[in-house]
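Worksheet: one structure, shown below.
The values are calculated or read from the model by the stated rules, or taken from the named source; none is laboratory data. Keep in mind it's a predicted model, so treat the numbers as computed, not measured. So basically every Cβ, Gly included, is an ideal-geometry build from the backbone, and we count neighbours across all protein chains shown. The protein model used for the area step is the full one, side chains on, heavy atoms only, and it has no ligands, DNA or RNA in it. Shrake-Rupley method; radii C 1.70, N 1.55, O 1.52, S 1.80 Å.
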Amino acid sequence: MRKLLLSLPLIFLIFGCTEDVGPEITTDPIKEGNQLFIISKIWGENSFFGLLSLMEYQSITSEKLPDCPKIIINTEQRKVTLDFDQTSACEQIGVSKRKGKIHLEYSSTSSSLPTWTMNFEDYKVDDIQLSGTKIYTRSDFRTIQESAENLKVRTATGLSHQFESQVNHTLTVFNLRLIGFSSVGQLVGINPAGRSFTWDITTPKAYLVSCIQNNQILPISGLESFQIQRGKSSSFTYKMSYSTTGDCNSQVQLILPDGQTISPS
């Protein structure tokens with residue numbers, strides 16, 4: 001995480017350090033909170049794709065992945081491409097639509113600590129674009145570490161968040177089959193107004209594979225805290241919680257800095 005914090009000044013220079021960034025940037029807490037919900041959703045919706053091994057991709061069908069992308073596997077080069085511009089016909093309850101491609105490249109089988117990368121090519125979810133690279137390292141059978149230094153979420157109106165991550169994913173496996181996972185860690189970055197923020201997943205975000213395979217991409221539980229800097233000596237804190245009534249229809253509550261609770265959109 002020290003590496004993440006040291007690299008923040010460079011990101012800050014890229015986005016600019018002035019508060020006068022144009023009329024479309026707002027400090028309205030509700031709008032700012034909705035922006036945070038977007039980056040939380042977009043960051044997490046692709047985790048399932050990144051946690052699958054090359055062997056699992058060799059046996060899974062397109063219909064078992066959200067939005068049913070075409071699966072292209074190069075066994076010799078240990079590469080997988082998910083093409084969302086060539087989707088298969090499938091029936092899934094979730095309504096999120098994707099465009100572009102996800103590329104996964106796996107290390108050799110002789111590696112003592114297997115690693116792989118996930119890159120995004122013109123990738124969008126509901127017209128929200130995600131770019132950059134996620135790097136995964138398997139610590140043991142049930143734990144996978146994720147790091148990233150150049151992730152960027154860009155909305156349809158051109159607002160961008162850039163951030164880095166250090167996250168641990170804990171897998172839930174039954175009969176050698178992945179049935180769920182939980183994610184905990186920290187992300188740091190810069191918001192559209194050029195303000196630094198810290199994003200802590202304080203209670204693990206839990207996902208069910210059966211929900212994800214129906215394109216229902218939100219976690220069923222979890223708690224996040226976002227701290228956004230205001231000037232040199234003050235900050236605002238937002239908290240976001242996920243819950244469910246027992247099905248895959250997740251409920252999201254966002255607590256604004258003034259204590260008001262809303263359902264983000």
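Filter LYS31/LYS70; LYS99/LYS239; LYS99/LYS232 down to the pairs with a C-alpha to C-alpha distance above 32 Å, please. Check vs 32 Å cut-off fails for LYS31/LYS70; LYS99/LYS232.
Here the Karplus relation 6.51 cos²θ - 1.76 cosθ + 1.60, evaluated at θ = phi - 60°, turns the backbone of segment 239-253 into coupling constants of 10, 10, 10, 10, 8, 8, 8, x, 9, 9, 8, 5, 9, 10, 10 Hz, with x for every Gly and Pro. Couplings for segment 74-89, taken from phi via the Karplus curve 6.51 cos²θ - 1.76 cosθ + 1.60 with θ = phi - 60°, read 10, 5, 5, 8, 6, 10, 10, 10, 9, 9, 8, 8, 10, 7, 8, 5 Hz in order; Gly and Pro are left as x.
Subtracting the Cα-Cα distance of ARG78 and GLN227 from 0.36 nm times their residue separation leaves 49.7 nm of extension gain. Of the whole protein surface, MET55 contributes about 140 Å² of accessible area at a 1.4 Å probe radius. Round to a whole angstrom and tell me the spacing of the C-alpha centers of segment 77-152 and segment 157-195. Going from one Cα centre to the other spans 12 Å. Across segment 173-265, the mean sequence separation of Cα contacts (distance under 8 Å, 6 or more residues apart), normalised by length, yields a relative contact order of 19 percent. The length gained by stretching the chain between GLN166 and ILE135 to full extension, at 0.36 nm per residue less their Cα-Cα distance, is 10.2 nm.
For the peptides 80-87, 191-198, what is the packing order when you average, over each peptide's residues, the other Cβ atoms within 10 Å and list the highest mean first?
Values: 80-87: 18.5, 191-198: 20.9.
Ranking, from highest mean packing down: 191-198, 80-87.
Accessible-area rank, largest first, for HIS161, HIS103: HIS103, HIS161, with all protein chains present and a 1.4 angstrom probe.
At 1.4 Å probe radius, can you tell me the per residue accessible area of the chain in Å²?
Details: 12800 Å² over 265 residues.
Computed with neighbouring chains in place, this is 48 Å² per residue.
Per-atom-type breakdown for the chain gives carbon and sulfur 52% of the accessible area (1.4 Å probe, protein chains only).
Translational diffusion coefficient of segment 210-254 (Stokes-Einstein, Kirkwood radius from Cα pairs, 20 °C, 1.002 mPa s): 176 µm²/s. Report, in degrees rounded to the nearest 10, the 0 to 90 angle that the Cα long axis of helix 2-15 makes with the longest principal axis of the chain. It works out to around 60 degrees.
In loop segments of segment 102-171 as defined by DSSP, the chymotrypsin sites (Phe, Trp or Tyr not before Pro) with at most 10 further C-beta atoms inside 10 Å of their C-beta are PHE141. Ordering of 92-98, 72-78, 166-172, 204-210 by packing is 204-210, 166-172, 92-98, 72-78, highest average first (other Cβ atoms within 10 Å, averaged per residue).
Over all directions, what mean area does the Cα convex hull of the chain project, stated in square nanometres?
Details: hull surface 58.1 nm².
One quarter of the hull surface, i.e. the mean projection, equals 14.5 nm².
Where does the chain land at 222 nm, in deg cm²/dmol rounded to the nearest 500, when only DSSP H runs of n ≥ 4 count, each adding -39500 (n - 2.57), divided by all residues? Let's see the in-between values first.
Numbers: 5 runs with 46 residues, N = 265.
Dividing the helical sum by the residues of the chain leaves -5000 deg cm²/dmol.
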